[in-house]
Amino acid sequence: MDWDNLRFFLELARSGTLQGAARRLAVDHTTVARRIQALEKQVGSPLFSREAGGHRLTEAGRRLQPQVEAMENAFRSVESAAPASHEGLSGVVRIGATEGFGTVVLAPQLALFAGRHPKLVIDLLAMPRLVHLSRREADIVISLERPARGPVVVTKLTDYTLRLYASKGYLAKHGAIRTRDDLRGHTFISYVDDLLFSKELQYLDELHKPDTFALRSTSILAQHAAVAAGAGIAVLPAFIAERDASLKAVLPQQAHFTRTFWMSMPAETKHLGRMQAVWSFVRETVEAQREVLQGPA
């Protein structure tokens, strides 16, 4: 039986779609489909039922999955013990993070880190949605909520601060804001409520219920751009807004929020050298930028 076929089976079982498995395996989705068909022919029964939303494991597929996962764990143990594994970091580490944190804080430093390890590839998924460890969308995930269950290693990465910001041009045009009552009538920029990927992003409800929105976006970088253009007021992470000299904090003593980044990875991969190295590097990167993340006093 071809191990590669089993590897394709495992990725499809975890992702649930041909496209998702193909991205993880760096192949075309037709290759995934062909491998699965070959494996089903070998085992003599369907392993997936094809549905509108993707591929769901059949009973035969559910019986096979833990056996293939055991093979995967054995392979990783052999891989980490091999002499070549001590010649330097190699392989792929995929990191899932929120869009702003991944883009502004992690991307520059991870690129430099990978440059020091030519055989190591860093995939950074800096996305305005939750990246799932359980679906194997990433090897390391940085999230706003602590994973509640599963065989994962979890650490609190850092607290970070968000404040209410507007451009200096907007404030000059619309007047000073000295109290929460002064927020009435102002135009806001925020997230799209029904597309929020975490309840931790619902901070405006704690401060003020806006009457008017100039823009609602799933992207925090888009929100920052709109605020910088003078379109309105928004709650932004200090590590993004404080870098922009055109912005000014509004009600800094009242309109500030604290959230937490959590970092997690599957317990089964914690022994891999590349995982340990990237995990430690992310922690060091965050520690070096802690003052930036927590914002001005």
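Among the residues of region 19-49, those that are crowded, with 20+ Cβ neighbours inside 10 Å, modelled with pLDDT under 90 and among the aliphatic types (A, V, I, L, M) comprise Ala21, Ala22. For region 214-245, a residue qualifies if it is under 17 Å from Thr98 (Cα atoms), of a type outside the set (A, V, I, L, M, F, W, C) and not in a loop (DSSP other than H, G, I, E, B), and the qualifying residues are Gln223, His224, Pro237.
Residues in region 269-297 that are modelled with pLDDT under 90, open to solvent by 30 Å² or more (accessible area, probe 1.4 Å) and within 17 Å of Gly96 (Cβ to Cβ): Lys270 alone.
The rows are residues; the columns are (1) over 21 Å from Pro151 (Cβ atoms); (2) hydroxyl-bearing (Ser, Thr, Tyr); (3) free of Cβ contacts under 8 Å to residues at least 40 places away in the same chain; (4) out of contact with any Gly (no Cβ under 8 Å at 6 or more places or on another chain).
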position	(1), (2), (3), (4)
Phe257	yes, no, no, yes
Thr260	yes, yes, no, yes
Glu268	no, no, no, yes
Gly273	no, no, no, yes
Glu284	yes, no, yes, yes
Ala288	yes, no, yes, yes
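Taken over region 243-258, the criterion of being β-branched (Val, Ile, Thr) and either open to solvent by 30 Å² or more (accessible area, probe 1.4 Å) or under 17 Å from Leu112 (Cα atoms) (or both) is satisfied by Thr258 alone. Only one of the numbered conditions (1) crowded, with 19+ Cβ neighbours inside 10 Å; (2) over 24 Å from Phe101 (Cα atoms) is not met by Asp181, and that is (1).
Taking region 259-283 as the range and being assigned to a helix (DSSP H, G or I), more than 21 Å from Lys119 (Cα to Cα) and under 19 Å from the mean Cα position of the chain (by Cα) as the test, the residues that pass are Ala267, Arg283.
The values are calculated or read from the model by the stated rules, or taken from the named source; none is laboratory data. Owing to the predicted nature of the structure, the values given are computational and were not obtained by experimental measurement. Glycine also receives a Cβ, built like all others from the backbone with ideal geometry; neighbour counts cover every protein chain displayed. Ligands, DNA and RNA are stripped out before the accessible areas are found, and what is left, the full protein with its side chains, is counted by its heavy atoms. Shrake-Rupley method; radii C 1.70, N 1.55, O 1.52, S 1.80 Å.
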